[in-house]
Amino acid sequence: MSRLFAVTKGLDEIVAHFAIDMTPPIEVPSETVEGTQGLIVLEKDGLRLLKSISWGFPRQTRDMRREGEPPGRIGLVADLTNPLWDRIVVDAKYRCLIPLTHFANPDGVKGEKTRSWFSLNGQPLMAWAGFCRNTPDFGPVFAGMTMTANEKIRPFNDRMPVLLRPEEYDRWLHGSIEDVIAFQFREPPSSDDFEILHTRDRWQSGVSPSKASPRRNNMLI
């Protein structure tokens, strides 16, 4: 999956959808890429909280340490057995929900790639299964778990976000490692459930799906 998603709903709608108990004065980012702020929902002391933290856990290879390079970012969780994740994924206190309305994949040839946005029919707000924790390098951070893409997304990318239905939120936030594994390896959502908004906007343009310039005769599929 690519490293770009967006939320086109307002704060009040997010708070209502996720049944947030305590809402700080928070700005909803128009889009999130690794290293920038994104919203997460987590539970603490029985309360459901909404936070704005940065996307991407610190990642530093042996070569980077040897060369004195600072840590990079990794915001996608694909291999649960990776030493970067294996202790985090088993402990429910590190789980979170990542609100989004769209995720994007690049389309086109190198140097001319444009944004194609994916959203769910009839579900204006989605929740991506995520992990979060405080880190010494970047402070509070989050990452999202990925799974095998469905047929509609596969021409763009072989991975997609693990998307949760509202009735699955509690299971994700409080479930066992077996639940985490089950979510990642279940069948992906049906291709019929997704819309694609093909745009003329360059991949690095910063244009959100709510302000996108659809391609003529190929707006929604």
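FYI, it's all coordinate maths here, none of it is from the lab. All of these numbers come straight from a predicted model, not from anything done at the bench. Glycine gets a Cβ as well: all are built from the backbone with ideal geometry, and neighbour counts include every protein chain shown.
Quick rundown of the values:
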read-out	value
The chain, helix-only ellipticity at 222 nm - DSSP H runs n ≥ 4, -39,500 (n - 2.57), divided by all residues, nearest 500	-3000 deg cm²/dmol
Convex hull volume per residue for region 100-194, taking Cα atoms only, in Å³	128
Spin-label model distance (nm) - GLU27 vs ASP192, 7 Å beyond Cα toward Cβ	4.3
Positive minus negative residues near THR135 (Lys, Arg vs Asp, Glu; Cβ under 11 Å)	+2
Among the listed pairs LYS9/LYS93; LYS51/LYS211; LYS44/LYS113; LYS110/LYS211, those beyond 32 Å (Cα-Cα)	LYS44/LYS113
Cβ charges +1 (Lys, Arg) and -1 (Asp, Glu), total dipole of the chain, debye	680
Values of log10 I(q)/I(0), in the order q = 0.07, 0.08, 0.13 Å⁻¹, for the chain under a Debye, Cα-only, solvent-free model	-0.21, -0.28, -0.76
